[in-house]
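Here is the structure we will look at.
The values are calculated or read from the model by the stated rules, or taken from the named source; none is laboratory data. Note that the structure is predicted; figures quoted are calculated from it, not measured. No Cβ is skipped: glycine too gets one built from the backbone with ideal geometry, and neighbour counts run over all protein chains shown. Side chains included, ligands, DNA and RNA excluded: accessible areas come from the protein's heavy atoms. Shrake-Rupley method; radii C 1.70, N 1.55, O 1.52, S 1.80 Å.
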Amino acid sequence: MADPRVLHVITDPRARGAQRLAHDLHGELLRRGQPSTLAALHPHPDADPAAAAVPVLGPSRHHPATLRALRRAAARADVVVAHGSSTLQACALGLFAARTPFVYVNIGDPRHWTATPLRRLRVGAFLHRAAAVAAISPHAAEVLRTRFRLPARRLRTLPNARPADRFRPAADPADRAAARTALGLPADAPLIAWVGALSPEKRPDLALAAHALLPADVHLALAGEGPLRAALAPGPRTHLLGPLADPAPLYRAADLLLLTSDSEGVPGVLIEAALAAVPAVATDVGWVSDVVRPGEGGLLVPPGDPAALAAALRTLLAADRTRYAAAARAHALAHFDLAPVATAWQHLLREVARPR
């Protein structure tokens, strides 16, 4: 039996969060010879020009023209995969009574983005339209089951994942120095990397506040773009790199990764850093602990506490990080490498796809 034709739907062409997983899964399916296409609901001004190859369906995520284009694109596929919360409503509405089923990928923490009863009711109705719901953590699957009364048979746990070969560790000190030079970063100083959207829920302000409490020789590099960019007031040891098309060189350059979010699912940046053998200090939100096992691949602290973040960073900067790095990479390879996750996805897609 031929593999089903897959349409991946993302919110916009940016390669971040849910979109990055969609890009990677789409690419891996194509590499395996499975028919796969990728489409974005609407454009975004911050999208990398290289993302221009991703077709855009309409002017905004729920515009009638967007939903009509989505329905036409879905008719050419056997199954649709909706990546991230914005695509859920679009697929639930645009594919209503269509022959092509859709699978929804829940990336974030549903407790965070369905905080009000009305929103829970609306999201629950959309979720029940999906042929299957893929959660990136068993904890998330349990929240979806209990919060929205989803039948267990329609829930799958399929981890967030990244291609391990794309995020190799620095081979030696010279490799790390070369990565720093290419990014315009100091060659010898301790370096903390922060990667993400410069948006309120990611709390880049906490990264700056924690960094201000660290010794004077420690540098902080922030990679990303977003609405808080103009409000950030970096110090002399802070480097605003802007959005990076490929964050892998920054991981090779860094001693530690810092994640300061108020809400997360299973963050891809933690997986990427762990594959690159970079220990992390992260806020203990969502299912961050699926990736960062405290005391092994890094340290976790409560959200919203710059002093606790700084203390954890000081601990790891003073430690022999070799064992942390090895544990982080081993755990990521065992649980978050894209190859076995893509195989599990293929099984699910065959199960729910419409028959030809």
Scan the stretch 61-68 and tell me whether some residue there is of a type in the set (S, T, N, Q) and surrounded by fewer than 18 Cβ atoms within 10 Å (Cβ to Cβ).
no
Could you go through the stretch 228-247 and let me know if any residue there is modelled with pLDDT of 95 or more, buried (at least 21 other Cβ atoms within 10 Å of the Cβ), at negative phi and not β-branched (Val, Ile, Thr).
yes
Can you report the number of residues in the stretch 82-101 which are surrounded by 24 or more Cβ atoms within 10 Å (Cβ to Cβ) and in contact with a Ser or Thr (Cβ under 9 Å, 6 or more places away or on another chain)?
4
Count of residues meeting criterion [open to solvent by less than 60 Å² (accessible area, probe 1.4 Å) and either basic (Lys, Arg) or over 18 Å from the mean Cα position of the chain (by Cα) (or both)] in the stretch 289-303
6
Filtered residues of the stretch 165-199 (kept if in a helix (DSSP H, G or I), open to solvent by 20 Å² or more (accessible area, probe 1.4 Å) and touching a residue at least 40 places away in the same chain (Cβ under 8 Å))
Arg166, Asp175, Arg176, Ala182, Leu183
Can you tell me which residue in the stretch 36-53 is least open to solvent (accessible area, probe 1.4 Å), limited to those that are in a loop (DSSP other than H, G, I, E, B) and touching a helix residue (DSSP H, G or I) at 6+ places or on another chain (Cβ under 8 Å)?
Leu41
With respect to Ala18, is the statement that it is open to solvent by 10 Å² or more (accessible area, probe 1.4 Å), more than 16 Å from Arg354 (Cβ to Cβ) and within 15 Å of the chain's Cα centre (by Cα) true?
yes
Can you find even one residue in the stretch 175-184 that is in contact with a helix residue (DSSP H, G or I) (Cβ under 8 Å, 6 or more places away or on another chain), on the phi < 0 side of the Ramachandran plot and polar (S, T, N, Q)?
no
Please give the number of the condition Thr315 fails out of (1) over 30 Å from Thr157 (Cα atoms); (2) in contact with a strand residue (DSSP E or B) (Cβ under 7 Å, 6 or more places away or on another chain); (3) crowded, with 18+ Cβ neighbours inside 10 Å.
(3)
When both residues are 6+ apart or on different chains and their Cβ atoms are under 7 Å apart, which pairs have a first residue that lies in the stretch 317-338 and is under 26 Å from Leu214 (Cα atoms), and a second that is at pLDDT below 95?
none
Taking the condition of being part of a loop (DSSP other than H, G, I, E, B), among the β-branched types (Val, Ile, Thr) and farther than 23 Å from Leu338 by Cα, how many residues in the stretch 254-284 meet it?
1
Within the stretch 110-129, is there a residue that is over 24 Å from Arg145 (Cα atoms), basic (Lys, Arg), open to solvent by 30 Å² or more (accessible area, probe 1.4 Å) and not in a helix (DSSP H, G or I)?
no
Among the residues in the stretch 17-36, are any polar (S, T, N, Q) and over 24 Å from Leu158 (Cα atoms)?
no
By residue number, the members of the stretch 130-147 that are surrounded by fewer than 19 Cβ atoms within 10 Å (Cβ to Cβ), of a type outside the set (Val, Ile, Thr) and free of Cβ contacts under 8 Å to residues at least 60 places away in the same chain are Pro138, Glu142, Arg145, Arg147
